[in-house]
Amino acid sequence: MRKMRWIGALAALAVMAGCSNDPARQGPGLLQMAVQSVTAKRGKPQEVTPAQVAALIPVALQRIRGSAIMILLRDNTQLAALGEQETRGPWRTYLTTEGQTLVLRRGMLAETRGVGFDLMSSEITQSTALVTGRRAGQAVRVMRWLNGENDEVPTRFDCRISRDKAEPIQTATAGTVGAVRMVEICRGGGQTFTNIYQVAGDGTIWNSRQWMGPEIGYIAIQLLRR
């Protein structure tokens, strides 16, 4: 399996580190969100720490022009910065220097390439509308992965989206932003997963923990620069 490599010295997630002068007023960090989704395993690589993440923020912002995101995956042991490659309507494609890509629809994960056990495509219009609109409701999403014969196999998920508490978050480039935590619980194909999003009033998803699939599990994503 091809591992995600770092971009230079890489960079980091301000909110992942939970940076704030007043932690009591700061919403949960993205790193904390990601930790909730993984189970401790013996002999696993060392996890990225909030201090390591916070120290690298300027590096990513200096090296990447335009929109940039940071991701944390594989049991919180792999961190990478991605710059925007192209925009097509609500779709944004982000790229590492090693050629791995993530496609986001208004901040929601739609496709991956080069990460391993890739999410080949998805239909997430209903979920996107509710989450970015900060509205509760029911949604259907379809996610597709390759089977052993290299064919895309779709799995339908029925999702319940709820509006949780409001929480101010500290962003890397936009200062403190008032956000609402949105929770998406999906079931289908023998799988259950819970996605968490921190969404600003204009619909921007600044931080999220999203499920990539049964093999990879969860990925934490932070928008560094819009």
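Provide the gained length on full extension for the span residue 87 to residue 158, in nm with one decimal, where the gain is 0.36 nm per separating residue minus the Cα-Cα distance.
Additional length available on full extension: 22.7 nm.
Within the range 198-226, name every residue whose backbone N is under 19 Å away from a label modeled 7 Å from Cα of residue 192 along the Cβ vector.
From the range 198-226, the list is 210-215, 217-218.
Can you work out the FRET efficiency for the pair residue 146 and residue 166, with r the C-beta to C-beta distance and R0 = 41 Å, to the nearest 0.05?
Efficiency, rounded to the nearest 0.05: 0.55.
Using the Cβ atoms and a cut-off under 9 Å, what net charge is assigned to the surroundings of residue 174, where Lys and Arg are +1 and Asp and Glu are -1?
+2
What's the local net charge at residue 66, with K and R +1, D and E -1, over the other residues with C-beta under 14 Å away?
Net of charged neighbours comes to +3.
Relative contact order for the range 71-226: what percent, with Cα pairs under 8 Å and sequence separation of 6 or more?
Relative contact order for the range 71-226 comes out at 17 percent.
At 4 °C and 1.567 mPa s, grab the translational diffusion coefficient of the range 74-226 from Stokes-Einstein with a Kirkwood Rh over Cα pairs, rounded to a whole number in µm² per second.
82
Counting only heavy atoms of the protein chains, get the accessible area per residue of the range 92-226 (1.4 Å probe) and round it to a whole Å² value.
40
Within the set of other residues whose C-beta is less than 11 Å from the C-beta of residue 159, count the net charge using Lys and Arg as +1 and Asp and Glu as -1.
With Lys, Arg at +1 and Asp, Glu at -1, the neighbours total +2.
The values are calculated or read from the model by the stated rules, or taken from the named source; none is laboratory data. Since the model is a prediction, treat every value here as computed from it, not as a measurement. Don't worry about glycine lacking a Cβ; one is built from the backbone with ideal geometry, like all the others, and counts go over all protein chains shown. The protein model used for the area step is the full one, side chains on, heavy atoms only, and it has no ligands, DNA or RNA in it. Shrake-Rupley method; radii C 1.70, N 1.55, O 1.52, S 1.80 Å.
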